[in-house]
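The values are calculated or read from the model by the stated rules, or taken from the named source; none is laboratory data. A quick note: this is a predicted structure, and the numbers were derived from the prediction, not measured. Backbone-built Cβ (ideal geometry, glycine too); neighbour counts: all protein chains shown.
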Amino acid sequence: MSARSLYLPHLAEIARVEEETPDTRTYFLEANGVEWRRAYHPGQFVELSVFGVGEAPFCLAQSPTRSDFIELTVRRTGAVTNRLHTYRAGDVVGLRGPFGNAFPFERARGRNLLFVGGGIGLPPLRSLINYVLDHRTDYRDVTVLYGARTPADRVYKNELAEWSRSPALTLVETVDRGDDTWTGHVGVVTRLLKGMTVDAAATLAFTCGPPVMLTFVVAELIALGIAPSNVVTTLERYMKCGVGKCGHCCVGHHYICVDGPVYNYDQIRRLPEAP
């Protein structure tokens, strides 16, 4: 981005909106004129402006190898997202980015990959999962574990169905509470890790989800023998400016919006304030 455009949002029209859950939607934004629409990396984020309300950070939820749109999956949680959830196709938002570092997809080459997602933590992982699927010969076994509160709270239901049928990866899902239609696992996602057998030295694990989930998932991954430096996640902070200037996301000498949001657990436990 040029210095002139560093804080100036690009105007993007909403092409369509898909409802994922009762409180979560995916927005497909027109990428015409966005020079980085195919040049970002899985794990990066953007700042989205809802004019008259505010700006908030959201992960890029699709691999740059796929969509002609910029895809953001947004849960309704505050002023910006509440207003955004009233928007429809044809409405205009602002975009700044892409910001932050990325998942270490180059270091992941030749390894087994284990993804563990919870609820709205699947969108950032999805960007990397689909990138891996589009470069499938570069990686060994790919396993995705996904947990949600209920069957209705699962995001990307159609894509999950596709993954479940795909020979390119193994998908295992669980929900905290099932319903009359649910035939899969019931229980928190960490239960899927207990008793797993992994080639720890050859495995790189990626996990995203609520902070309380991550605490237990990381513990289980390390108990499986996976080195802390091979357990990768993202840190949640209010990344207001995206370029390390406002200080809102400062942790010690780290600016999460610039040095992160992707970290391995060895890095996280060395931070002055670990999540």
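How many of the residues making up segment 46-57 are among the hydrophobic types (A, V, I, L, M, F, W, C) and surrounded by 23 or more Cβ atoms within 10 Å (Cβ to Cβ)?
2
Give the residues of segment 78-107 that are closer than 30 Å to Glu220 by Cβ, in contact (Cβ under 8 Å) with a residue 40 or more places away in the chain and surrounded by fewer than 22 Cβ atoms within 10 Å (Cβ to Cβ), sorted by residue number.
Asn101, Ala102, Pro104, Phe105, Arg107
Quick grid of which residues meet (1) surrounded by 13 or more Cβ atoms within 10 Å (Cβ to Cβ); (2) under 18 Å from the mean Cα position of the chain (by Cα); (3) within 26 Å of Leu235 (Cβ to Cβ):
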position	(1), (2), (3)
Tyr139	yes, no, yes
Val144	yes, yes, yes
Val155	yes, yes, yes
Thr181	no, no, no
His185	yes, no, no
Ala200	yes, no, yes
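For segment 1-59, give me each residue that is assigned to a loop (DSSP other than H, G, I, E, B), more than 21 Å from Gly121 (Cα to Cα) and in contact with a Lys or Arg (Cβ under 9 Å, 6 or more places away or on another chain).
Passing the criteria: Met1, Leu6, Tyr7, Leu8, Pro9, Ala31, Gly52, Val53.
Based on this model, can you work out whether Val189 counts as surrounded by 20 or more Cβ atoms within 10 Å (Cβ to Cβ), β-branched (Val, Ile, Thr) and either touching a Cys at 6+ places or on another chain (Cβ under 6 Å) or within 20 Å of Ala161 (Cα to Cα) (or both)?
Spelling it out, Val189 is indeed surrounded by 20 or more Cβ atoms within 10 Å (Cβ to Cβ), β-branched (Val, Ile, Thr) and either touching a Cys at 6+ places or on another chain (Cβ under 6 Å) or within 20 Å of Ala161 (Cα to Cα) (or both).
Pairs, please: C-beta under 8 Å, at least 6 apart or cross-chain, first residue free of Cβ contacts under 8 Å to residues at least 40 places away in the same chain and in segment 211-224, second of a type in the set (D, E, K, R)?
Glu220/Lys194
Condition first: crowded, with 22+ Cβ neighbours inside 10 Å and touching a residue at least 60 places away in the same chain (Cβ under 8 Å). Now tell me which residues in segment 227-248 satisfy that.
Result: Val232, Thr234, Met239, Gly242.
Do we have Pro64 as surrounded by fewer than 22 Cβ atoms within 10 Å (Cβ to Cβ) and touching a residue at least 40 places away in the same chain (Cβ under 8 Å) here?
Yes.
Need the failing condition index for Pro211 against (1) at pLDDT below 95; (2) closer than 24 Å to Leu72 by Cβ; (3) touching a strand residue (DSSP E or B) at 6+ places or on another chain (Cβ under 9 Å), just the number.
In the conditions (1) at pLDDT below 95; (2) closer than 24 Å to Leu72 by Cβ; (3) touching a strand residue (DSSP E or B) at 6+ places or on another chain (Cβ under 9 Å), Pro211 misses (3) alone.
Go through (1) within 23 Å of Asp23 (Cβ to Cβ); (2) among the polar types (S, T, N, Q); (3) part of a helix (DSSP H, G or I) one by one and return the number of the condition Thr137 breaks.
Thr137 satisfies all of (1) within 23 Å of Asp23 (Cβ to Cβ); (2) among the polar types (S, T, N, Q); (3) part of a helix (DSSP H, G or I) except (1).
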